[in-house]
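Working notes, structure below.
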Amino acid sequence: MDVMDLRTAAVLGGAGEVLSGGEVTAFIGEQLAGAGLDGRSVCVIVPDATRSCPLPLLLGAVHSALAGKVSRMTVLVALGTHAEMSPAELTAHLGGAYDDLTVLNHEWWKEETFVDLGTISASRVAEISGGLLHEAVPVRLNRAVVEHDVALVVGPVFPHEVVGFSGGNKYFFPGVAGQEVIDLSHWLGALITSAGIIGTPGVTPVRALIDEAAALIPAEKLALSVVAQSGTDALHAVAFGDTASSWQAAAVVSAQTHVHYLDKPVRRVVSLMPTRYQDIWTAAKGFYKVEPIVADGGEVILYAPHITQLAAMHPEIEQIGYHCRDYFLGQWDRFRSMHWGVLAHSTHLRGAGTWDPVEGERCRVDVTLATGIPEDAVRGAQLGYLDPAGFDLAQYESDPDTLVIPNAGEILHRLKLDPEEH
């Protein structure tokens, strides 16, 4: 993997540190003051509510540093293909209403949202993907980004099932991108497999594809990449620079902070999903952040009684169900016309497995939902079902073969294979 030059990123904090709000605000003010933004227009790209991130603190610091100095400022919420945030949700998410800011959801469901930036050729995709894909991809992006002089990404970095580590240019692709890049990048990650790419340092093939697309953006690209203390409003580190160097600096800290190692596999994991995940589309993180530590034939239980649907914005998953990668590859003529991003999501929640026309599908790990989703919908999606009303957490906590993970979804769990690995 390539190693980026970190010299252009300024970094505050590090693994094991917890920054104060004052330290963060002062750092952001100092960095933005020296970034040459006076008189220019700035589009601030931020995450939605599915990530741990003290966004009110960060946006407040950005606003204080730039208000009255830049010509205009827009905040764009990088929904990817997640659900739209309501005005009340946006106000709470951003920490208040800003009269001098335009706040936009990334309206990915509207064609007029996008501008065309060009096309990545099939030969270049093949080169980037190591021959896994040979297909040209048009690059479309939210027009708000290209209609500003500067695109400033503000958001956290975590281990990620598609790209290795989230953050940086990922806020553009898929954060505010058209469906074509979303589908291709997610399917490339699925071909590599979630377990094969999650938490991989450096520039993975999917990261390289995203960076290739980001190179087409005419705006100057900067980032405040943060490493959050999962489930809290605290930060371990903040890095400022271009979207590549800032991301890489934060990813180094995330790898030291957001990856927990076990000595041996466990038979069962119970992932207790927090309410920031409102459907299985987002709560699937409770599976793929623990898949590497589950023994063959083991089980992952997602406990989330507040969740009542598989995918708020992607009802296709109810027809497709959840399957391993080889299930789709073995029947590609049947599935290739569907959204590849949906197929990729399906594989992320089902993990490793095999398929052939005689034996059918055999997955390495069982996946069970203890949620508010009706039993027929769960079983129809080829997942196991538990009634959350009868769920006995204490019983699982006392079971030596079970690992119970509170606030699941952000910390990657891996096996300690090599004492030097971490």
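Quick one: how many residues across region 326-342 are out of contact with any strand residue (DSSP E or B) (no Cβ under 7 Å at 6 or more places or on another chain) and either part of a helix (DSSP H, G or I) or basic (Lys, Arg) (or both)?
Total meeting the criteria: 10.
Residue-wise test of (1) within 30 Å of His345 (Cα to Cα); (2) in a strand (DSSP E or B); (3) of a type in the set (A, V, I, L, M, F, W, C).
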{"position": "Glu23", "(1), (2), (3)": "no, no, no"}
{"position": "Ala26", "(1), (2), (3)": "no, no, yes"}
{"position": "Cys43", "(1), (2), (3)": "yes, yes, yes"}
{"position": "Arg51", "(1), (2), (3)": "yes, no, no"}
{"position": "Met73", "(1), (2), (3)": "no, yes, yes"}
{"position": "Thr81", "(1), (2), (3)": "yes, no, no"}
{"position": "Met85", "(1), (2), (3)": "yes, no, yes"}
{"position": "Ala92", "(1), (2), (3)": "yes, no, yes"}
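Counting residues in region 215-232 that are in contact with a Lys or Arg (Cβ under 9 Å, 6 or more places away or on another chain), surrounded by 20 or more Cβ atoms within 10 Å (Cβ to Cβ) and under 25 Å from Asn407 (Cα atoms) gives one or more. Does region 28-35 include one or more residues that are out of contact with any Leu (no Cβ under 7 Å at 6 or more places or on another chain), in a loop (DSSP other than H, G, I, E, B) and open to solvent by less than 50 Å² (accessible area, probe 1.4 Å)? Within region 28-35 (the criterion being out of contact with any Leu (no Cβ under 7 Å at 6 or more places or on another chain), in a loop (DSSP other than H, G, I, E, B) and open to solvent by less than 50 Å² (accessible area, probe 1.4 Å)), the answer is no, since none of the residues qualifies. Taking region 36-59 as the range and being farther than 20 Å from Gly167 by Cα, out of contact with any Asp or Glu (no Cβ under 6 Å at 6 or more places or on another chain) and surrounded by fewer than 21 Cβ atoms within 10 Å (Cβ to Cβ) as the test, the residues that pass are Gly36, Asp38, Gly39.
Pairing residues of region 179-206 that are farther than 14 Å from Glu135 by Cβ with residues that are in a helix (DSSP H, G or I) and among the acidic types (Asp, Glu), at Cβ distances under 9 Å and at least 6 apart in sequence or on separate chains, gives Ser194/Glu291; Ala195/Glu291; Ile198/Glu291; Val203/Asp211. Taking the criterion of being assigned to a helix (DSSP H, G or I), open to solvent by less than 50 Å² (accessible area, probe 1.4 Å) and within 30 Å of Ala255 (Cβ to Cβ), would at least one residue in region 94-103 satisfy it? Yes: region 94-103 contains one or more residues that are assigned to a helix (DSSP H, G or I), open to solvent by less than 50 Å² (accessible area, probe 1.4 Å) and within 30 Å of Ala255 (Cβ to Cβ).
Residue-level analysis places Arg7 among those that are more than 30 Å from Trp109 (Cβ to Cβ) and modelled with pLDDT under 95.
Any residue at all in region 305-325 that's assigned to a helix (DSSP H, G or I), open to solvent by less than 50 Å² (accessible area, probe 1.4 Å), over 20 Å from Arg276 (Cβ atoms) and of a type in the set (Ser, Thr, Tyr)? Scanning region 305-325 turns up no residue that is assigned to a helix (DSSP H, G or I), open to solvent by less than 50 Å² (accessible area, probe 1.4 Å), over 20 Å from Arg276 (Cβ atoms) and of a type in the set (Ser, Thr, Tyr).
The values are calculated or read from the model by the stated rules, or taken from the named source; none is laboratory data. Small disclaimer: the values here were computed from a predicted structure and weren't measured. Positions of Cβ are generated from backbone atoms using ideal geometry, with glycine treated the same way; all protein chains shown enter the neighbour counts. Side chains included, ligands, DNA and RNA excluded: accessible areas come from the protein's heavy atoms. Shrake-Rupley method; radii C 1.70, N 1.55, O 1.52, S 1.80 Å.
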